[in-house]
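Structure record follows, encoded as structure tokens.
The values are calculated or read from the model by the stated rules, or taken from the named source; none is laboratory data. As the structure is a computational prediction, the values presented were derived from the model and not from experiment. So basically every Cβ, Gly included, is an ideal-geometry build from the backbone, and we count neighbours across all protein chains shown.
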Amino acid sequence: MAHYLDPKNDLIFRRIFGEHEHLCMSLLNSILPLDASQQIVALEYQQPELVPEIPGLKDSIVDVHCKDNFGRQFIVEMQMYWTDSFRSRVLFNASKAYVRQLDAGKEYKLLQPVYALSFVNEPFDRDPSVYYHHYKIVNIENREKRIEGLEFVFIELPKFRPTNRAEKKLYDLWLTFLTQINEGEEEVPPVLFEEGVTKEALHHLERYSYSRGELDTYDRYWDVIRKERMYYLDALDKGLAEGEAIGTKKGREKGLAEGEAIGTKKGREKGLAEGEAIGIEKGREKGLAEGEAIGIEKGRAEGKAIGIEKGRAEELRNVVLNAKRSGLSIVQIQTITSGLSEEEVNKIIHSGE
């Protein structure tokens, strides 16, 4: 019974798709969004080139780089874990392949498109139903208008589910091949034996097809992947812890500042209310005191006026009564009292009888 290796391992992936043009061509034609007139009919491998090393990635060499009969270039990569830096690296590789087509003195119209196909063995998009991500340069307002040159396809392998559509048979088979076979498998999905290209690819997965040295390389790749994942997760945990500490500190400082501001505002409002109440009370007391003083003063003035008036009336009464006793007439009494009326004179005389 055959023992199969994992096709996502760098050694295996490059053996199958980087050394057998017809298998790579079948993969590209079935996976990429190419219509019937764009199908690849011949391939030529290009020498993989080193690119700047990016932390968290398995290495710095693209897995498969090839060119078809039209001059279009295809960059195929298998990535075990997703990082944002990987997306930047894919863009860098495709852009570099695009600009290096043109020798000095050549016309820009000779440039051919570059397609970057990336298989990622880890979900990176939140939508659980979408695993096929196709990017190209389009007009935002009218997506029918586009600039040819660069196209990118990212496939989240863990989300793949077969479509079971006849026209997508090879599409399903190749993604099943990449997702349903793991290290040490003795049985594989029978459907993979139904097509010649996937049946041949299965042969290249059999463990006995590789030398002891190649199998050591195969195992070392997984060791590297596990170590890089561990370093990445440790760095992530450390970053999260440091971020939490910084966030806690900043949150506390912000909370203190906001609390101080709220406390100041509430204290001011409470102080104003208490001050207003105290002011009203003191104002009332002061008002009562001032009102009392004014009342006393007014009472004194009124009393004085009344007293003066009463004293004047008593004095006039005495004058009238003395004049009457002296035998003066009413007219004469009016004269000496500065014009009292006859009625007033008679009233005083009668009150004294």
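For the stretch 87-125, enumerate the residues that are at pLDDT below 95, buried (at least 17 other Cβ atoms within 10 Å of the Cβ) and small (Gly, Ala, Ser).
Within the stretch 87-125, ALA94, ALA97 meet the criteria.
Those residues that are assigned to a helix (DSSP H, G or I) and free of Cβ contacts under 8 Å to residues at least 12 places away in the same chain, I need them from the stretch 209-230; list them, please.
Result: SER209, ARG212, GLY213, LEU215, ASP216, ASP219, ARG220, ASP223, ARG226, LYS227, MET230.
For HIS203, indicate whether it is closer than 18 Å to LEU34 by Cβ, surrounded by fewer than 18 Cβ atoms within 10 Å (Cβ to Cβ) and not hydroxyl-bearing (Ser, Thr, Tyr).
no
Tally up the residues in the stretch 119-169 that are in contact (Cβ under 8 Å) with a residue 24 or more places away in the chain and on the phi > 0 side of the Ramachandran plot, please.
Number satisfying all stated conditions: 1.
Just give me the residues in the stretch 28-52 being assigned to a helix (DSSP H, G or I), modelled with pLDDT under 95 and within 42 Å of the chain's Cα centre (by Cα), in sequence order.
GLN38
Looking only at residues in the stretch 1-47 that are surrounded by fewer than 13 Cβ atoms within 10 Å (Cβ to Cβ) and of a type in the set (D, E, K, R), which one is nearest to GLN180 (Cα to Cα)?
Of everything passing the filter in the stretch 1-47, GLU19 is nearest to GLN180 (Cα to Cα).
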